[in-house]
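Asks: This is the structure I want to talk about, given as structure tokens.
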Amino acid sequence: MIQSDLNAIYVVVARELIKFTRERGRLISTLARPLIWLFLVGGGMSRVVSPTMGVPYIQFIFPGIIGMTILFSSIFSSISIIWDKEFGFMKEMLAAPVSRFSIVVGKALSGTAVSTIQALIIVLLFPILGLRLNLAQIVLVLCVSIMLSFCLSSLGILIASFYESFESFSVIMNFIVMPMFFLSGAMYPVQLLPHVLGVISRLNPLTYGIDALKHMIFAPSALITHDFPLGLDITVITASSIAFVVIAGNVFERRK
């Protein structure tokens, strides 16, 4: 049983990665958004926002732009769930003698791989922004990116499991994704938000992912004030990932 589940996970991941390598426009379009925010919004705001956070504004939002890349790529990678439903491939997977959780994990891992690749491309832009990251920091940023990608991919799969059409899924995604981004501390510290928005931001797993990235990127500097301890960031991301996978697996289980 375990071997068949592992095989199912491998097949799902391989299928999604093959699709990704054949869709070069998807990579370009996904990277265009964070690059626009980083250099146009970040560069423009650096002219009007004083570096009171210890670093120039464009450097301050760099972890948030990495988080944005992961968020959009991870969430929208789950649109393959809708695609599979539309063309009947999902019924074939559900009819296979494998655990439903293996399907969820396979989809989440494929979304994680795609999101991490795109996040790494953004991370490698750090010299252009005047940041100095050593190899250990880059590796740690990559590790956090993998964890956050898996968490958000699992969330996207959970949401997609309730929808049958691209139209309804796209509407709810736009309703969820942008608020998640703006209430994550990507553009400004969570501590500066009004009380109500601050409470909501603390329910957002992306908040803890971006804060963890700040820990890694600005680790040698005491100038940046982090919103949460690193241990709490990792704990919340891990717990959220487990919860999303378990709930999504149960939803898929009811589709027998």
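The values are calculated or read from the model by the stated rules, or taken from the named source; none is laboratory data. Values in this document were obtained by computation on a predicted structure and should not be read as measured data. Glycine also receives a Cβ, built like all others from the backbone with ideal geometry; neighbour counts cover every protein chain displayed.
Asks: Please tell me if Ser115 is among the polar types (S, T, N, Q), crowded, with 18+ Cβ neighbours inside 10 Å, over 12 Å from the mean Cα position of the chain (by Cα) and at pLDDT 85 or above.
Replies: The answer is no for Ser115.
Asks: Another question, if that's okay. Tell me, which helices (runs of 4 or more DSSP H) wholly within the stretch 144-256 include 1 or more residues that are more than 18 Å from Ile75 (Cβ to Cβ) and at pLDDT 85 or above?
Replies: Those helices (runs of 4 or more DSSP H) span 195-201, 205-217, 230-253.
Asks: Restricting to the stretch 178-194, give me the number of residues that are touching a residue at least 60 places away in the same chain (Cβ under 8 Å) and over 15 Å from Thr69 (Cβ atoms).
Replies: 2
Asks: Every residue in the stretch 96-117 that is part of a helix (DSSP H, G or I) and small (Gly, Ala, Ser), please.
Replies: Ser102, Gly106, Ala108, Ser110, Gly111, Ala113, Ser115
Asks: Looking at the stretch 118-138 only, could you name the residues that are farther than 19 Å from Gly43 by Cβ, assigned to a helix (DSSP H, G or I) and free of Cβ contacts under 8 Å to residues at least 40 places away in the same chain?
Replies: Leu120, Leu135, Ala136, Ile138
Asks: In this structure, does Ser102 turn out to be of a type outside the set (Asp, Glu), at pLDDT below 90 and surrounded by 22 or more Cβ atoms within 10 Å (Cβ to Cβ)?
Replies: Spelling it out, Ser102 is indeed of a type outside the set (Asp, Glu), at pLDDT below 90 and surrounded by 22 or more Cβ atoms within 10 Å (Cβ to Cβ).
Asks: Same structure, new question: Considering every residue within the stretch 34-52, establish whether at least one is of a type in the set (S, T, N, Q) and modelled with pLDDT of 80 or more.
Replies: no
Asks: For the stretch 177-220, how many residues are among the charged types (D, E, K, R) and buried (at least 18 other Cβ atoms within 10 Å of the Cβ)?
Replies: 2
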